[in-house]
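To keep things clear, I will list the structure first and then write my remarks on it.
The values are calculated or read from the model by the stated rules, or taken from the named source; none is laboratory data. This structure is a prediction, so every number in the text was calculated from the model and none was measured. Heads up, the Cβs are rebuilt from the backbone with ideal geometry, glycines too, and the neighbour counts pull from every protein chain shown. In case anyone asks, the SASA skips ligands and DNA or RNA and just uses the protein heavy atoms, side chains included. Shrake-Rupley method; radii C 1.70, N 1.55, O 1.52, S 1.80 Å.
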Amino acid sequence: MPHRSKTGPAGRPIVLIGPMAVGKSAIGQQLALQLGVPFVDTDAVIVAGHGSISDIFAGRGEHAFREIEARTVAAVVEAADDTVTVISLGGGAVLDSGTQQLISRCTVVYLECDAQTVAGRIARNSGRPLLAGDAMGRWTAMFATRKPVYERLADITLDVRHGSVSELGGRLEAALRDHAAAKQEVEK
């Protein structure tokens with residue numbers, strides 16, 4: 001159950017977006033730990049309810065997966081409404097217009113990186129159906145089309161090219177505090 005307190009840097013859900021393998025789950029878990037709030041990974045929710053993402057892609061196709069993903073994101077964001085809950089979205093979740101609309105009422109953090117940052121993680125993880133074959137080539141092409149969407153939706157952009165997960169969590173917590181303070185100034 002989401003934490004119903006409105007205390008915290010943003011007073012509303014914090015949604016992490018960015019490309020596959022950027023570290024949304026790891027950094028999200030770290031941030032949630034630091035803030036003492038729940039963490040929800042929408043990909044993990046999908047797997048728990050529908051089986052592996054690879055199996056969904058293989059058996060039902062990408063379109064079916066995107067429908068499941070959009071419904072899952074909607075349920076998670078709705079459940080977290082008016083709470084400080086850290087939510088990690090799958091890399092392509094932001095392509096759905098309904099998802100874009102839903103997360104507009106959250107604090108959206110884009111984890112920014114480049115191909116070199118994720119190359120090792122992608123090489124170690126072959127369970128990503130959209131990266132079958134030329135994984136880095138496919139990642140680069142997807143990132144090129146999705147990057148403008150990530151940038152447009154973001155309230156905060158965190159460069160994750162350098163630093164440990166705990167260092168990045170600390171930088172993100174500080175960025176969230178700064179964002180909340182700036183927002184309060186505007187609202188005065």
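Here are some residues: 27, 56, 87, 46. Which one is aliphatic (A, V, I, L, M) and part of a strand (DSSP E or B)?
Of the residues listed, the single one that is aliphatic (A, V, I, L, M) and part of a strand (DSSP E or B) is 87.
What residue, of 175, 180, is at pLDDT 90 or above, assigned to a helix (DSSP H, G or I) and under 20 Å from residue 28 (Cα atoms)?
Within the list 175, 180, the selection yields 175.
Exactly one condition in (1) in contact with a strand residue (DSSP E or B) (Cβ under 7 Å, 6 or more places away or on another chain); (2) at pLDDT 95 or above is false for residue 160; which is it?
(2) is the only condition that residue 160 fails.
Matching residues to (1) surrounded by 14 or more Cβ atoms within 10 Å (Cβ to Cβ); (2) at pLDDT 95 or above; (3) over 19 Å from residue 174 (Cβ atoms):
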{"residue": "33", "(1), (2), (3)": "no, yes, no"}
{"residue": "41", "(1), (2), (3)": "yes, yes, yes"}
{"residue": "77", "(1), (2), (3)": "yes, yes, yes"}
{"residue": "84", "(1), (2), (3)": "yes, no, no"}
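Looking only at segment 92-110, count how many residues are part of a helix (DSSP H, G or I), open to solvent by 10 Å² or more (accessible area, probe 1.4 Å) and in contact (Cβ under 8 Å) with a residue 12 or more places away in the chain.
Selection size over segment 92-110: 4.
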